[in-house]
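The values are calculated or read from the model by the stated rules, or taken from the named source; none is laboratory data. What you are looking at is a predicted structure, and each value in this text was computed from that prediction instead of being measured. Quick reminder, even Gly has a Cβ in these numbers, built from the backbone with ideal geometry, and neighbours come from all protein chains shown. To get the accessible areas, we keep the full protein, side chains included, count just its heavy atoms, and leave off ligands, DNA and RNA. Shrake-Rupley method; radii C 1.70, N 1.55, O 1.52, S 1.80 Å.
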Amino acid sequence: MRLTGILALLCGVALVLTLQDALLAAVRLPLAAPDLLLAVVGAVAVARGPRAGLVAGFLLGLAADLVPPAAHPVGDQAFVLCLSGYLAGRVATAMRGSVVRPVLLVACLAALAPFLYTALDYAVGGGGFRGVVAAAVASAFYSGLITPFVLPVVGFVLGRGESRGLPTQRSHSRLPGVKTLNRRASAGSTQGL
Amino acid sequence: MRADKGTRLLLAVLLAAAFAMITMDARGGTRSPLRPLRAGGEAAFGPVARTVAGATEPVASFVHGFGHSDADREQIAKLKAENAALREQNETSADARARAAELDKLLHVASVGGYRTVPARVLAFAPRQQGAWSATIDAGTVDGVRPGMTVLDGDGLVGRTVTVGAGTATVLLAADPRCTVGVRTAGAGGPGGGGAVGLATGGGAGELSVQFYDPQADIPIGTPVLTFGSGGGSPFVPGVPLGTVTSVRPTPGALTRTATVKPYVDYGGVQTVGVVLTPPRTDPRDALVPPK
């Protein structure tokens, strides 16, 4: 059970990374690119709370740091996505309701991310880059646009994990995020096959 | 309340772990302990990137009209399919023609400069909002590509290779703030055959900044800037054009002068590139500077 869980988690992460790769390869939009990882992390956090969000963000970010075309210091995306997942979870538990709010939430986080990357770059002695504000606005727009398509998919996959007899814990009081992710990933892999 | 505390602790631990990795990787440079991990990532995901970029999915959307008979609908569907096929054929040949032209230009640059290059295609760019300008190309160790090789295209310098997998490589573009290139201005005179020598750093969108060491050097607007060449030709071979000077101003708090350089290459839209496998036997000097 534990081994299959880990395998399923790996499959889920690989699937998301492949989709993000396809997205980056297929569309070359000006100023920024749609951030699928952020949308997925945001959706997990909205559905499962801050702990699941931050663990999902850390794992997905770390994986994205290691695969091409990344060339920035390893840990950059893990840091930003982990923080984004936590923030998304905290804000989402405070507000529940229409689909517009998670979309706005992801857009806000996407706008925040470029500033976080720049701050991290400065912290390790980098130089920063021009056009952060334009990149932030573009990123918020693109990531907000793809979020409505990501939300139901992530919700459905998490829901399938629940309907399989796994306990539902909306309060996420004792639920470690990894288990949540396992469920998401296991459902995702069977869906993919 | 207790769960809240646990979550915050987990957040702090993970953020600290991520920051530790960033520091280790950024300070370690090419000897970073995390480099093998990245090489593993390249090996595992390189084939995926190749497959994904290779699969072109023609998106056909058939809008079913109301008020048509079945025969009409069939006819419309048939014509639409035919039209889509023809359009795709047309676009494919246009794409192939554009690629041939780019390869032609690259061949010219390589032969004039005396570089031995291997052509490659850009598969994907990293999201630019992350402050990183890097790309995946479809050439790797099987083509003779190694980390720390110059990447150029028909217009000028593109960047250098950082991580190389079997069939793919990650290129750090010259526009990246982490990419530093030794440069000189075109023309005879000072050391390296050029007028002034400096260090170019990427600045993100469409501009590079070059710090010239000689405070007295004459740097008119519009002067071409070329690579100075690293020792042993790695990571940069000499004589590759970078861009033209658009403005010069004194560096705040230093004796040097900083110039803004407009690159020849559009770093957001590079398609066909060449990786320099062997540096030229002699410095090509200003042979590659494009005519005005």
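A few notes on this one:
- Tallying residues that are in contact (Cβ under 8 Å) with a residue 24 or more places away in the chain and over 17 Å from A:Arg48 (Cα atoms) within segment A:90-112 yields 7.
- Scanning segment A:119-154 for residues that are buried (at least 18 other Cβ atoms within 10 Å of the Cβ) and away from chain B (no Cβ under 14 Å) yields A:Thr147, A:Val150, A:Leu151, A:Val154.
Condition check ((1) under 39 Å from the mean Cα position of the chain (by Cα); (2) farther than 26 Å from B:Ala124 by Cα; (3) at pLDDT below 80; (4) of a type in the set (Asp, Glu)) across all residues:
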{"site": "B:Gly29", "(1), (2), (3), (4)": "yes, no, yes, no"}
{"site": "B:Ala43", "(1), (2), (3), (4)": "yes, no, no, no"}
{"site": "B:Glu57", "(1), (2), (3), (4)": "yes, no, yes, yes"}
{"site": "B:Val63", "(1), (2), (3), (4)": "no, yes, yes, no"}
{"site": "B:Ala71", "(1), (2), (3), (4)": "no, yes, yes, no"}
{"site": "B:Gln75", "(1), (2), (3), (4)": "no, yes, no, no"}
{"site": "B:Asn83", "(1), (2), (3), (4)": "yes, yes, no, no"}
{"site": "B:Arg87", "(1), (2), (3), (4)": "yes, no, no, no"}
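- Restricting attention to segment B:91-106, the residues that are over 25 Å from B:Thr117 (Cβ atoms) and either open to solvent by 100 Å² or more (accessible area, probe 1.4 Å) or modelled with pLDDT of 80 or more (or both) add up to 1.
- Yes/no for B:Gly192 being open to solvent by 10 Å² or more (accessible area, probe 1.4 Å), modelled with pLDDT under 85 and closer than 25 Å to B:Gly114 by Cβ: yes
- Positions within segment B:170-188 being surrounded by 24 or more Cβ atoms within 10 Å (Cβ to Cβ), within 15 Å of B:Thr260 (Cβ to Cβ) and either out of contact with any Pro (no Cβ under 9 Å at 6 or more places or on another chain) or within 9 Å of chain A (Cβ to nearest Cβ) (or both), in sequence order: B:Ala175, B:Val183
- Which numbered condition B:Ser209 fails, given (1) surrounded by fewer than 22 Cβ atoms within 10 Å (Cβ to Cβ); (2) among the polar types (S, T, N, Q); (3) facing chain A (nearest Cβ under 10 Å); (4) touching a Phe, Trp or Tyr at 6+ places or on another chain (Cβ under 9 Å): (4)
- Helices (runs of 4 or more DSSP H) within segment A:1-97 that include 2 or more residues facing another protein chain (nearest Cβ under 7 Å), under 16 Å from B:Leu11 (Cβ atoms) and touching a Gly at 6+ places or on another chain (Cβ under 8 Å): A:50-66, A:76-94
- Set side by side, the residues A:Val44, A:Val106, A:Val55, A:Val74 differ, and just one is among the β-branched types (Val, Ile, Thr) and open to solvent by 10 Å² or more (accessible area, probe 1.4 Å), which is A:Val55.
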